[in-house]
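What follows draws every value from the coordinates through simple rules; no lab data is involved. Since the structure is predicted, the reported quantities are computational estimates derived from the model, not experimental observations. Neighbour counts run over all protein chains shown; Cβ positions are idealised from the backbone, glycine included.
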Amino acid sequence: MVLTVNGEAEVAVQSAAAYQKLLDDQDLFNSIRSVSRGLEQAKRGEGLQMRQFVQSLAEEHGL
């Protein structure tokens, strides 16, 4: 349901289930976008090799 003020949409009201689905869909979209960015960076040769990353992480935390 959309509530209007002076003929302009002002507030949208929806069920809690519909709102939760919207939040879940947004989380999924953000995850997909992050993975896509990471793949593009890898194609450009940016970032670290997994072994280098794990080694630097272990050193940073004294492992």
Within the stretch 14-25, is even one residue touching a strand residue (DSSP E or B) at 6+ places or on another chain (Cβ under 8 Å) and among the polar types (S, T, N, Q)?
no
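Just give me the residues in the stretch 40-58 being loosely packed, with under 10 Cβ neighbours inside 10 Å and in a helix (DSSP H, G or I), in sequence order. It would help to see each step written out before you state the result.
In the first step, residues of the stretch 40-58 are kept if they are loosely packed, with under 10 Cβ neighbours inside 10 Å; the result is 43-46, 49-51.
Listed by number, the residues that qualify are Lys43, Met50, Arg51.
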If I filter the stretch 28-37 for residues that are without any contact (Cβ under 8 Å) to a residue 60 or more places away in the chain, of a type in the set (D, E, K, R) and surrounded by fewer than 10 Cβ atoms within 10 Å (Cβ to Cβ), do I get at least one hit?
no
Within the stretch 9-16, does at least one residue satisfy the condition of being charged (D, E, K, R) and assigned to a helix (DSSP H, G or I)?
no
